[in-house]
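Take a look at the structure set out below.
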Ligand SMILES: [Zn+2]
């Protein structure tokens, strides 16, 4: 079997804080009448292994794809603890999520059964006034957190950041965070299910009649009190050509996140020799390759294998997607120092090779 662009079946998670936006906005096939909080789109964790939705590998797990396609899937990118090095989800929060933190590699090493996690949120839809909690306010110490927990009031210690569609928040390990009510986001993260819940708003879990478990000690050991509030947003850079605009949203050791916009009808080659994940937010695109054509539309998350041949993409409608790439070993020479320089992304290709059949007079779309 030769490689082809992979779209996986969503793994849907009922959550008391969930809603119906995953169906209404992103077209996910939700079961009726139940709030669904998460759709795991690309996951390679024990008990949560994505299954291929269509094509010759339909029904295969990402595990099996990893084993059978090997380097054709990953190129020079390294798995993390043997797993595919990204986890991609959509989250629909109709209520505030718990206040939590994920461990850094050093913090995880000191805990039992813990894996480090960095993550980023991109806001797809937001109700007016929606916020995220991102880090601690300046000067908040471990002691003040303990006092606040004893009083059952933690919100005043947390930095509140307004969240609007198109915002992207970087949440490195050690950053206390909570997704606020009224937000639909896509979450890109390293493959780990280690979450330490610091505070749950004094809520009672309706399904059990009891508060959900907290992990205060682990959370306090994982919080980076030295840098309690890293900048919620990294500086954006834009590269625009006539038909395509690429906006760099996040650069970190584990992934690089770009937003790409392409005009209807525009077409260009896909130049990568490494795996790339596309999260389609608007419109639809055809991805042509040596063996056929795949279509990706709003709500689809597509994994392009490293060895995809003669790959080209064409926006059948004006299309917006997030592109996620993984720093490869060559990029990691400066690991821990400066963010790695990235090779050109499609939008940085000097000019799209094709051109829309109906040239447009408008400038590239603005933020
Ligand atoms: Zn988190």
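The values are calculated or read from the model by the stated rules, or taken from the named source; none is laboratory data. On a predicted model such as this, the values are computed, not experimentally measured, just so you know. Positions of Cβ are generated from backbone atoms using ideal geometry, with glycine treated the same way; all protein chains shown enter the neighbour counts.
The one condition from (1) within 16 Å of the ligand (Cβ to nearest atom); (2) without any contact (Cβ under 8 Å) to a residue 24 or more places away in the chain; (3) surrounded by fewer than 16 Cβ atoms within 10 Å (Cβ to Cβ) that residue 214 does not meet is (3). Only one of the numbered conditions (1) under 18 Å from residue 312 (Cβ atoms); (2) at pLDDT 95 or above is not met by residue 244, and that is (2).
When segment 30-82 is filtered for residues that are within 30 Å of residue 94 (Cα to Cα), free of Cβ contacts under 8 Å to residues at least 24 places away in the same chain and more than 20 Å from the chain's Cα centre (by Cα), the ones remaining, listed by number, are 30, 31, 32, 33, 34. The residue of segment 114-140 that is farthest from the chain's Cα centre (by Cα), among those that are in a loop (DSSP other than H, G, I, E, B) and within 16 Å of the ligand (Cβ to nearest atom), is 114. Scanning segment 153-174 for residues that are within 14 Å of the ligand (Cβ to nearest atom) and under 24 Å from residue 25 (Cβ atoms) returns 169, 170, 171. So which residues in segment 226-264 are touching a residue at least 24 places away in the same chain (Cβ under 8 Å), surrounded by fewer than 15 Cβ atoms within 10 Å (Cβ to Cβ) and over 22 Å from the mean Cα position of the chain (by Cα), if there are any at all? Hit for segment 226-264 is 227, nothing else.
Residue 148 meets the conditions (1) more than 16 Å from the ligand (Cβ to nearest atom); (2) at pLDDT 95 or above; (3) assigned to a loop (DSSP other than H, G, I, E, B) in every case but one. The failed one is (3).
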